[in-house]
Amino acid sequence: MRTSAMKCVLIGMVICLSCAAHAQDQGQELLHRAAHCLAAKDFLPPSKAAKRTFGSLLDEKSYPGKKMLYVVDYPNPSRADGFVFTLFLTDHDGRQDFNIQNNARFALSKDADEGVSFATPPLGGTWTREHLVSAIKQIEKQPKVTLSMKNMLAVDSSVSCEAYTDPQPKPTAK
C-alpha cells in the first residue's frame, strides 16, 4: 500500500515537472519570436555582440481579452540598465502577430522611484509607466535568456511583425 502511494506521488511530481518544462519552452519560444520582431523592426540598439540577453513577462490581465508581452533587452552583462518593450500578441490563421506598441530605455537605481528610472518618459502616461516598472521588477527576478543574433534574425514564417512606427495607409478620399 505504501509503495503504491509513493508511486502516485512520484508520477504526480514527474507530470508537474514536465508541465513546467513545457511552459518554459513555450515562454522561450514566445520571447525568441518577440526578439525577432524587435530586431526586424530595428528597435534593438546597435551592438557588435553576437548574443543578447533578454527577459520577458506575459500579461493577460491588464487588457482583458488581450495578451501583452513585456520584453527587456539587457545590452550589458551587468544588467543595470536596458530597454523595455510592450508587444501585443494576436493569433490569425495559425500565424502569431507581434505588435510593438511601446519602448523605453531604463536604468535600475536605488535613488529612483520604485527602483527604476527612465531616460525619457515612456509614451502613455502614469498608468503605462507604472506597468512598465512593475514588469521590469518582475522580469528582474526571473531567469534570463541569451539569444544569438544569427538565430534571432532568422525568418519565421509563422510570425508577423508590426509596430507603431510602421507607415500608416493614407485614407482614401470619397
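The values are calculated or read from the model by the stated rules, or taken from the named source; none is laboratory data. The shown structure was predicted, so the numbers you read here are calculated from the model rather than taken from an experiment. Note that each Cβ is placed from the backbone with ideal geometry, even for glycine, and that neighbours are counted across all protein chains shown. In case anyone asks, the SASA skips ligands and DNA or RNA and just uses the protein heavy atoms, side chains included. Shrake-Rupley method; radii C 1.70, N 1.55, O 1.52, S 1.80 Å.
Here are the numbers for the structure shown:
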| item | result |
| --- | --- |
| Residue in segment 85-92 that is modelled with pLDDT under 95 and within 21 Å of K150 (Cβ to Cβ) present | no |
| Segment 121-134, subset open to solvent by less than 30 Å² (accessible area, probe 1.4 Å) and either out of contact with any Ser or Thr (no Cβ under 6 Å at 6 or more places or on another chain) or farther than 16 Å from V72 by Cα (or both), residue modelled with the lowest pLDDT | T128 |
| Count - residues of segment 115-173 that are within 20 Å of I100 (Cα to Cα) and in a strand (DSSP E or B) | 8 |
| Subset tally (residues that are in a strand (DSSP E or B) and loosely packed, with under 15 Cβ neighbours inside 10 Å) for segment 78-105 | 4 |
| Within segment 135-157, tally of residues that are of a type in the set (S, T, Y) and either open to solvent by 90 Å² or more (accessible area, probe 1.4 Å) or under 25 Å from K61 (Cα atoms) (or both) | 1 |
| Hits in segment 36-50 - residues which are surrounded by 11 or more Cβ atoms within 10 Å (Cβ to Cβ) and in contact with a helix residue (DSSP H, G or I) (Cβ under 7 Å, 6 or more places away or on another chain) | H36, A39, L44 |
